[in-house]
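What follows is a short report on a single structure.
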Amino acid sequence: MRNLAFQGTWRAYQQKILDDLANLIGDDGLHIVAAPGSGKTILGLEVMRRLGEATLILAPSKTIRDQWAQRLRAMFLPADVAAPDWISHDVRAPGTVTIITYQALHAAFSGRASEEEIVDSEEEDNDRTQSVEAGKQETEKARKKIIAKLREGNVRTLVLDEAHHLRNEWWKALTMLKEALGKPTVVALTATPPYDVDPQEWDRYQALCGPIDGEISVPELVLQGDLCPHQDYVHFSLPSALEAQKLAEFRAQIADFVETLLESAEFKQTILHHPWIMQPIENVEHILDDARFFSSMLIFLNAQYVDLPQSTLDILGVKAREIPDLTLEWIEVLLNGVIYTYRDDFQDAERTIRYQQDRLREIKAVEHGKVRLTDPRSVQKLLVSSVSKLNAIVDIARLESASIRDELRMVILSDYIRKDMLPTGPADVPPIERMGVVPIFETLRRSGLDLKLGILTGSLVLIPAGSKGILDEIADDLSIGAEHIRYQQAAFDAGFVSVELAGERSRNIVHMITELFGRGGITVLVGTQALLGEGWDAPSVNTLILASTVGSYVLSNQMRGRAIRIDPQAPQKAANVWHLAVIDPEKLEQRIPLHFGRKSTDRKAPDPFDTMTIDLGSDVDALKRRFYAFEGLSFGELPLIESGFQRLMLGTARWDARGVDDINKMMERRATDRKALKARWHSALHSKRAVARMQETLESNYTPKGLVNWNTTKFLFAQSAALAGLILDGFLQGFEVIDIRSLQQLESVLFVVFALLAIFCLPGAFKASRLLLRNGSLEGSMKQVGTTVLETLHHMGVIRTELGKVSVKATLDQNGIIYCRLEGATTIERSRFLDALREVLVPPQNPRYILVRSSKLWRWKRVDYHALPSIIGRKKEDAIYFAQLWNRYVGDSELVYTRSAEGRLTLLKFRAKSFASAFTRKTDRVSRWE
């Protein structure tokens, strides 16, 4: 390792970390978070070199494993030095540097001869059953043998690449390894920390990788020139004619089913005679266990104009007018309870229930023992895998090819290969009815576009026949002889050849095709997200089409990272990232006619953070989730850098065929102007304060009412005014019986009246004034709630930064949306704070503790419920501490433990309130450059 020396120039963030390495690594580890393409691999190798000890590097896939070895040879050894023999890929025979996958470690610890493929299958129907593990004794023997080998080789450094979202078996192997090596130095590198996991899994991740020592965002890297300017675009499509017909048929069947169900007197009587409806008080314990099903029965009966007894409604703490409308979601809850969960309660109506169950099965509205009326998987799959996306890919390829011509380096990532769909000969031209690598390749091949097409997957590699000479040159550079390469002309087209490498050389195939792509031998490369979606390094990629169905922000962010790397050969590079979405032109509700005086609608519940109020279906919903973690330029006149789908500014778009075409044309105009893209990035990065960075913020249209905000002051002033009115009314009536004969007597009476006013009214008015002065606004209220959460988390040790160094910031925009963030804290502290604050504003359905505040204005009584965040409600002492701070900063409330008999009744009323408010309370998390 003494011969290693970095051959390049350090980037700014890398140099900063290396300069401070001695301090950062003081806790026996280094944990760095940086975007894909930022150079984490190079940084990890340099840290390894400086530590100077035998090292075990673990990667999530074989592609990334090989990339570590390639980087080590290319960037840390002189070009004329032969590949060192001290690099190993076998943990059973470790070298000075051993590079393996997480699964290889688990396989070795389990006594298996070889590792299995790491990444998700490239074939949809592949049998991925795990090998049967060896017996406990053999496993223990294998594990001890490997640990002995590592100790013998003095392995003291562990480098963990993307060590999150791993299988449980891999976690166990990693934990055992770390403990067995006796406090090794752990270097953890990731682009996507698992902020989305529960606190227990985060604790496990942090115990393995240590606290985050440094984090750098995508905009910071673009600002420093370490990532290229880029933009996300969406190509929208309508389903194909056949797909639209299938959707329409399914929804017509569902609509008919719902109509018949609502007209069924037998089903209505079935619900009316359920014990929870007939005898709610006697069944309150059961109701507490499933308030949602109980609510669905009440909502159904209310929609049928059944007069529900107030005693029944009192269990939920609601009035008849507060019962939500009957929706398809509530019908799903009702049917799942009647047909499956509580079937035994309806034994007398078995014939009626069996009839409804059979009808649901006939129309395929039952999946895995659950009724699905709105978006069953069959509908979701139809949209997400729509063949109309194939035409969209052709449109994008035509656009980008015409725009940048020979400079085009496009990669298209899909989920499955579909190798069986390769034509068998020139005359074999079957219709293309599925998405996948081969269908995409075939669609582009048949399109007639002037493209150099290629395929790169784990089991299929195709290149243009005319590029064979370039690939031979690349092989020669890698000292791979012709005898190791097997070419075969494609049976369906003489213009293409398949490529295979023999034996150990096969691990070079990804590198060779990547190099061929970079040299222009391929200009449009189709591959799987499993092989190329994570860790694949191809700086020349300037156009990416995500034809994958992956909705996970971790994998989506990794795939997107393939395109945003800088290219030393193209300093002016700007990248376009294309997403595909098929809109659902007709929602089921549109097919259901008027019922009970209510008109069905395709509009979603009001969401202030989603400017697109039209429900466009599950495929667009998945795309919105994907955008949640993407930080990029907004489409506004003044460019902003922020996360979320709303930055595409599609709130006023029309979603018919003509409107969709207009949206796509707008996207195309923007995509072809890469010069303007770079200018907009420059404007957005330099228009903020001198030291700008990404700030994660919670945005909400709700802050606790009846507490410390203007709503409270209006309430208290009104209460004081009402008392004053009563006293004055009594005084005026008193004129009729009081004989006032002098001015002195009048003064005495007035003195008594105003004294009464002062005694009874001024305290309320004084409190209102005090609260108004202290908070004064909705954002003031949010700040007080945030302060309560912050100080509690600090008291618990969840937030360890000194309170004097952190602060809660809250602002209100012109639309009434409140933004709240925590400044001065670490990334994970900010994440935990925002998670807890969100649970206060839009609470979970089963909190352990609830705050209850009752307020009364003359005859009107109001009760507000607020859940304690789950992280705070685990321990009684933490809950009490939170309640004390709440009473100090927010307002007087009673802490209720919901696991007691009395508390469960309160929980039931809380749930009923939250069901009703779920359509009005909205919060979201967004990152902005400011």
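Throughout, read-outs are computed from the coordinates displayed, never taken from laboratory work. Since the model is a prediction, treat every value here as computed from it, not as a measurement. Virtual Cβ from ideal backbone geometry, glycine too; neighbours counted across all protein chains shown.
Brief remarks on what is shown
- Ordering Val371, Ile393, Leu408 by the projection of their Cα atoms onto the charge dipole of region 364-444, which places +1 on the Cβ of Lys and Arg and -1 on the Cβ of Asp and Glu, puts Val371 at the extreme positive end.
- For region 430-488, the Cβ-based charge dipole about the Cα centre amounts to some 340 debye (Lys, Arg positive; Asp, Glu negative; other atoms uncharged).
- Lys, Arg +1 and Asp, Glu -1 on Cβ, resulting dipole of region 236-282 about Cα centre, debye, nearest 20: 120 debye
- Pairs from the table (Lys141/Lys875; Lys452/Lys573; Lys172/Lys876; Lys62/Lys149) lying more than 30 angstrom apart at Cα are Lys141/Lys875; Lys172/Lys876.
- Among the GluC sites (Glu not before Pro) in region 401-467, those placed in a DSSP loop whose Cβ has at most 15 other Cβ atoms within 10 Å are Glu433.
- Cβ crowding within 10 Å averaged over residues, with 47-54, 826-833 ranked highest first: 826-833, 47-54
- For region 159-268, applying the loop criterion from DSSP together with a ceiling of 15 other beta carbons within 10 Å to the chymotrypsin sites (Phe, Trp or Tyr not before Pro) yields no site.
- Each peptide in 652-664, 455-467 receives the mean, over its residues, of other Cβ atoms within 10 Å, and ordering these scores from highest gives 455-467, 652-664.
- Ranking of Tyr305, Tyr819, Tyr355 by count of other Cβ atoms within 10 Å, fewest first: Tyr305, Tyr355, Tyr819
- Footprinting exposure proxy for Leu851, Leu189 (fewest neighbouring C-beta atoms within 10 Å first): Leu189, Leu851
- By the count of neighbouring beta-carbon atoms within 10 Å, fewest first, Met297, Met421 end up ordered Met421, Met297.
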